[in-house]
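Undergrad: Handing you this structure, nothing more for now.
The values are calculated or read from the model by the stated rules, or taken from the named source; none is laboratory data. Since the model is a prediction, treat every value here as computed from it, not as a measurement. Reconstructed Cβ throughout: ideal geometry from the backbone, glycine too, with neighbour counts over all protein chains shown. Please note that ligands, DNA and RNA were not included when accessible areas were found on the heavy atoms of the full protein model with its side chains. Shrake-Rupley method; radii C 1.70, N 1.55, O 1.52, S 1.80 Å.
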Amino acid sequence: MNPQKAKNKQRLRRRRHVRRKILGTPERPRLSVFRSSKHIYAQLIDDLAGRTLAAASTQTGEVKGQLKYGGNVQAAKAVGLRLAAVAKEKGIAKAAFDRGHYRYHGRVKALAEGAREGGLDF
């Protein structure tokens, strides 16, 4: 098998294993993380209704103005803090963290810590 296809297949398998155990509800939505090479995105998802309740990324206006570059740990922490602020405005205090197929390390960990500092509980 093509090495790139094999790598992608493993990623999808990891993602399914992680998401099988997590379900977002209106009271405790799923905090989903997507990480690209230049940016990081996070959203709170209600899986029962299939709706995004809150979102933040390094490309949104308030976060983008604070940062030079969106693909580092400082940017991820800023996104976590912003997401927690948006969640508080909407009355969300708890979340279930969904790291997807990413390891809980580096930018993903920084985003989670930023969200915790902002007041989200998971």
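Undergrad: For the chain, which whole percent of the accessible surface, found with a 1.4 angstrom probe, sits on carbon and sulfur atoms?
TA: Carbon with sulfur: 49 percent of the solvent-accessible area.
Undergrad: Here's a follow-up. Using label points projected 7 Å from each Cα along Cα→Cβ, tell me how many nm separate PHE122 and ALA55, to one decimal.
TA: 1.6
Undergrad: For segment 1-34, which trypsin sites (Lys or Arg not before Pro) are both in a DSSP coil and crowded by at most 15 other Cβ atoms within 10 Å? Could you put the intermediate results ahead of the total?
TA: Values: sites: LYS5, LYS7, LYS9, ARG11, ARG13, ARG14, ARG15, ARG16, ARG19, ARG20, LYS21, ARG30; in loops: ARG20, LYS21.
Those that pass, being in a loop and sparsely packed, are ARG20, LYS21.
Undergrad: Pick out the long, greasy-scoring helices in the chain: whole DSSP H runs spanning 15 Å or more along their own axis by Cα, mean Kyte-Doolittle at least -0.5.
TA: Counting only whole DSSP H runs, the qualifying helices are 73-89.
Undergrad: Something else now. Just tell me which lysines come within less than 26 Å, Cα to Cα, of LYS7; anything on the same chain fewer than 8 places away is out.
TA: The reachable lysines, counting only those whose Cα sits under 26 Å from LYS7, are LYS21, LYS38, LYS109.
Undergrad: Per residue, how many Å² of accessible area does segment 23-121 show with a 1.4 Å probe?
TA: 53
Undergrad: While we're looking at this one, here's another question. Starting from the residue with the highest accessible area, list THR58, THR25 in decreasing order, probe 1.4 Å.
TA: The ordering from most to least exposed comes out as THR25, THR58.
Undergrad: In addition: Out of segment 1-97, which chymotrypsin sites (Phe, Trp or Tyr not before Pro) are coil in DSSP terms and have no more than 15 other C-beta atoms within 10 Å?
TA: Passing both the DSSP loop test and the Cβ count: TYR69.
Undergrad: Here is a follow-up. Sticking with the crude label model, points 7 Å out along Cα→Cβ, report the distance from ARG103 to LYS5 in nm, one decimal please.
TA: 2.7
Undergrad: Another question about this same structure. What nm value, rounded to one decimal, do you get for the distance between LEU12 and GLU89 when each label is placed 7 Å out toward the C-beta?
TA: Here the answer is 3.7 nm between the modelled labels.
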